[in-house]
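Inspection log for the structure reproduced underneath, given as structure tokens.
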Amino acid sequence: MVNPVSFLKEVKEELGKVAWPSREQTIRYTVLVVIVAVGVGIFLGGLDYILTAVTAFLLGRFGK
């Protein structure tokens, strides 16, 4: 079994090797993710609205 203290030391060493993004990159990517998420939400919401309207129309016209 691995010693927890040596494991944490190795984790700290590996995290030191990570190329962390700058503050500006982090903000830019966060804004991009929010914009894409809102865009996808609007698209899916619109698609849901259209398909619901089509379904209601078809059921109203051809349903019993």
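FYI, it's all coordinate maths here, none of it is from the lab. Not measured: the values here are computed from a predicted model. Positions of Cβ are generated from backbone atoms using ideal geometry, with glycine treated the same way; all protein chains shown enter the neighbour counts.
Can you confirm whether the range 12-25 contains a residue that is of a type in the set (Lys, Arg) and part of a loop (DSSP other than H, G, I, E, B)? Scanning the range 12-25, I find at least one residue that is of a type in the set (Lys, Arg) and part of a loop (DSSP other than H, G, I, E, B), so the answer is yes. Listed by first and then second residue, the pairs with beta-carbon distance under 9 Å, at least 6 apart or on different chains, first residue in the range 14-34 and surrounded by 10 or more Cβ atoms within 10 Å (Cβ to Cβ), second aromatic (Phe, Trp, Tyr) and in a helix (DSSP H, G or I), are PRO21/TYR29.
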